[in-house]
Amino acid sequence: MTLVAQIKCAAADALKHLFPEADIQLSMITVNQTKPEFTGDYTIVLFPFVKQLRQKPDVLGNQLGSYLVEKNELFTEFQIVSGFLNLTISDSYWTNLLVNHFNDAHFGEKPKQDRRVMVEYSSPNTNKPLHFGHLRNNFLGFAMGEILKANGNQVVKANLINDRGIHICKSMIAWQRFADGATPESTDTKGDHLVGDYYVKFNDILKEQTAPIMDRIFHGDFDDLDAAAADKAAKLIAAYNKPEVKDDKDKADKIKGDIKEIAQNHTEIQLAAKEMLRQWEAGDLEVRKLWETMNGWVYQGFSETYKRLGVDFDKMYYESETYLLGKEIVVKGLEKGVLFKKEDGSVWIDLTADGLDEKLLLRGDGTSVYMTQDLGTAVLKYNDFKLNQSIYVIADEQNYHMQVLKLILEKLGEPCADGVFHLSYGMVELPTGRMKSREGTVVDADDMINEMLRLAQEQTEEAGKTEGFTQEELKKLYNTIGLGALKFYLLRVDPKKKMIFDPKESIDLHGFTATFIQYAHARICSILRKEHVAVMPDNAGFHHFKMTAPFEKAEKDLIITLDQYPMMLESAAAEYNPSQLCSYAFHLAQLFNTFYDQHSIANAESEEKKQLRLMLIVMTAQILRRSMKLCGINLPEKM
RNA sequence: GGUCCGGUAGCUCAGUUGGAUAGAGCAUCAGCCUUCUAAGCUGAGGGUCAUUGGUUCGAAUCCAAUCCGGAUCACCA
């Protein structure tokens, strides 16, 4: 039981004893850490009881405080300040915590339970390299997996690779036409980047081919279009030429966009990509072979990047293998009457009663849409691992899609429905707006990693901290610092919030950063080295510890925060929010730095203080290390 | 237009069930290295918590309305 929970229980018992007729619920008791300007460790708010107990806050506080200090050895002192009961926790609680847990490698973690959770994250398309936005997804997914593990869950980290579809055909078409047989080897280019280059090339050509068609459409020439499109285009042009639309820039842009889409769909190269997709689905050998080759290049590139990022997966799903799933589920849904068929043969679900729209599940020609295959993979995942929960780490632009997915699964009575959970995160944007891979305005993931390593090296050299390291060690150190900074930067904010990243301003290595935490850890390790104490020492020399001198303020602040770690770890899992661990670790490092500045460990006033402080810093280092590790961030012993 | 999310210091963000004078970091200014790593520490300035009303002992937090920003509402994925 956490200390806060113990205080609540003690207070509830006390109130029950002091006011037998009263009905005090545990949930009415608010316990906070005491503000620094007051004496005490934790504070009970008295106001909620005033009315029911018909006591003035101060009188009530006196009764409650006296009772607690007298009857419960957890408390040694109390003070009342305007409606708040400030309690001082006995030193023995703190010293017990230290002696029992200062070298506990899994402090705050829960034993493994029979609860299976899948975290699906990363889930890239195979037509282009990973960008900055994917990094947020990868770090978030990895961290959540680790945090859930530390809370006792059995976690399967999964990656659903979107390896088929029109996007990869675009890269393939452009490669066929313009690459002249180029391979990653022949061009010395990372495979995912090579394929991505041809995706960009495709879009360049598409743009070139779209312009004249659009031009002709605006001149009333619809010869490029098929009959249906020509009809639609004519209507759009008519609407566009209305005076009230011409004056409204938003409306005009919208129509222009629709016309552009029509034009794009009738370019030669777009039609070629569509034809290639048809050939792929028909199993055309040559197309399949090229597809396999180019995907192979991309996987090679991805696996390098994943390795550098330090993320991993227990299970890979490939869309080419799962995109046909889901049809059976739809057929069953039709039989059950949950779904309905329209005249053209397309299958829909009516969600209007739930405040949503009708949603298409099978096209008129019987082919699947995105939702169909997601239904299928949801069931597949559930059957593969008997999941209690299935987490999808997906950007918030898909909130609606995920809401609909869960709802449809529920309506179909699929047992996996309950466990579906969308871990929705905000997109990473540039100061100029969203990143668009088609327009090449993305911040590339590999470039970003390189930039961070460069920054780590530059700042380490500037600070003159390279002495005593081999080249090999330095390389590792820059990696630890650079990647740590990158991960922390992306994990330190609430996942739900979108974030703006300005590439011109490089990521800082000071202040609220991983570097700050790494530095505190390195300082601790340095002290331990000089004192010949292991980073994780055994109990010998500490288990007879007896404290006679009172805590210094900085010591107390540190130990109170160490004691809160289990609560933080649980909360990070419950809220699906690794940023809580980042804030916590930073705060802990801050408290350590203050403590370090004020008190000497090696030359402590007494042997007793030295022992106390060694336990304090060992435990601090351990929790810093562990909490950051769960976020995928390593802490060096020297920097 | 419907639905959902967001608006806190110049900037980036904390602030979980309502609790004390709203906190960090960056940036600015002023101090601190002969002593365990100054990538650090101490201090100062900086706020109409978008606006208005409501609920109550008490509201950044809950409710309502309004304003602003974003996402989404495809026989795309």
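Tabulated data for the structure shown
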{"quantity": "Residue list for segment A:575-597, filter: in a helix (DSSP H, G or I) and within 7 Å of RNA strand B (Cβ to nearest atom)", "calculated": "A:Ser579, A:Gln580, A:Ser583, A:Phe586, A:Gln590, A:Asn593, A:Thr594, A:Tyr596, A:Asp597"}
{"quantity": "Qualifying residue in segment A:621-633 (condition: within 9 Å of RNA strand B (Cβ to nearest atom), more than 15 Å from the chain's Cα centre (by Cα) and either farther than 17 Å from A:Asn151 by Cβ or surrounded by 22 or more Cβ atoms within 10 Å (Cβ to Cβ) (or both))", "calculated": "no"}
{"quantity": "Hits in segment A:359-394 - residues which are near RNA strand B (Cβ under 10 Å from one of its atoms) and under 23 Å from A:Arg116 (Cα atoms)", "calculated": "A:Gln373, A:Asp374, A:Ile394"}
{"quantity": "Qualifying positions in segment A:436-458 - assigned to a loop (DSSP other than H, G, I, E, B) and crowded, with 19+ Cβ neighbours inside 10 Å", "calculated": "A:Val442"}
{"quantity": "Residue in segment A:316-326 that is farther than 30 Å from A:Leu491 by Cβ and outside any loop (DSSP other than H, G, I, E, B) present", "calculated": "yes"}
{"quantity": "Matching entry among A:Gly145, A:Gly152 (being outside the structural domain of A:Leu614 (by TED's automatic domain parsing), part of a loop (DSSP other than H, G, I, E, B), of a type in the set (Gly, Ala, Ser) and closer than 30 Å to A:Cys525 by Cβ)", "calculated": "A:Gly152"}
{"quantity": "Residues of segment A:519-536 satisfying the condition of being closer than 18 Å to A:Met628 by Cβ and either in contact with an Asp or Glu (Cβ under 7 Å, 6 or more places away or on another chain) or not in a helix (DSSP H, G or I) (or both)", "calculated": "A:Ala522, A:Cys525, A:Val535, A:Met536"}
{"quantity": "Matching option when the condition is within 36 Å of the chain's Cα centre (by Cα), crowded, with 20+ Cβ neighbours inside 10 Å and either part of a helix (DSSP H, G or I) or touching a residue at least 40 places away in the same chain (Cβ under 8 Å) (or both), among A:Asp197, A:Asp253, A:Asp204, A:Asp258", "calculated": "A:Asp197"}
{"quantity": "Conditions (1) touching a helix residue (DSSP H, G or I) at 6+ places or on another chain (Cβ under 7 Å); (2) in a helix (DSSP H, G or I): number failed by A:Thr76", "calculated": "(2)"}
{"quantity": "Hey, A:Tyr478 at pLDDT 95 or above and within 8 Å of RNA strand B (Cβ to nearest atom) or not", "calculated": "no"}
{"quantity": "Pair list, Cβ < 6 Å and 6+ apart or interchain, from segment A:559-588 residues that are free of Cβ contacts under 8 Å to residues at least 60 places away in the same chain and within 17 Å of A:Gly484 (Cβ to Cβ) to residues that are assigned to a helix (DSSP H, G or I) and within 8 Å of RNA strand B (Cβ to nearest atom)", "calculated": "A:Tyr584/A:Met568"}
{"quantity": "Verdict on A:Pro636 being surrounded by fewer than 23 Cβ atoms within 10 Å (Cβ to Cβ) and more than 12 Å from RNA strand B (Cβ to nearest atom)", "calculated": "no"}
{"quantity": "Answer from A:Thr293, A:Thr305 - the residue that is within 27 Å of the chain's Cα centre (by Cα), over 22 Å from A:Lys381 (Cβ atoms) and among the hydroxyl-bearing types (Ser, Thr, Tyr)", "calculated": "A:Thr305"}
{"quantity": "Which listed residue is part of a helix (DSSP H, G or I), among the hydrophobic types (A, V, I, L, M, F, W, C) and within 16 Å of the chain's Cα centre (by Cα), from A:Leu569, A:Leu562, A:Leu612", "calculated": "A:Leu569"}
{"quantity": "Options A:Tyr121, A:Tyr93; residue that is touching a Leu at 6+ places or on another chain (Cβ under 8 Å) and over 26 Å from A:Lys498 (Cβ atoms)", "calculated": "A:Tyr93"}
{"quantity": "So A:Glu343, is it more than 13 Å from RNA strand B (Cβ to nearest atom) and surrounded by fewer than 16 Cβ atoms within 10 Å (Cβ to Cβ)", "calculated": "no"}
{"quantity": "Meets criteria (exposed (fewer than 13 other Cβ atoms within 10 Å of the Cβ), in the same structural domain as A:Asp192 (by TED's automatic domain parsing) and not hydrophobic (A, V, I, L, M, F, W, C)) for A:Glu292", "calculated": "yes"}
{"quantity": "Selection status of A:Thr561, within 15 Å of RNA strand B (Cβ to nearest atom) and in contact with a Leu (Cβ under 6 Å, 6 or more places away or on another chain)", "calculated": "yes"}
{"quantity": "Residue count, segment A:529-555 (criterion: away from RNA strand B (no atom under 14 Å from the Cβ) and surrounded by 15 or more Cβ atoms within 10 Å (Cβ to Cβ))", "calculated": "5"}
{"quantity": "Criterion (away from RNA strand B (no atom under 15 Å from the Cβ) and assigned to a loop (DSSP other than H, G, I, E, B)) met by exactly one of A:Gly296, A:Gly283", "calculated": "A:Gly283"}
{"quantity": "Strands (runs of 3 or more DSSP E) within segment A:339-396 that include 3 or more residues touching a helix residue (DSSP H, G or I) at 6+ places or on another chain (Cβ under 7 Å)", "calculated": "A:358-362, A:389-395"}
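The values are calculated or read from the model by the stated rules, or taken from the named source; none is laboratory data. Note that the structure is a prediction, hence the values are computed from the model and not measured. Virtual Cβ from ideal backbone geometry, glycine too; neighbours counted across all protein chains shown.
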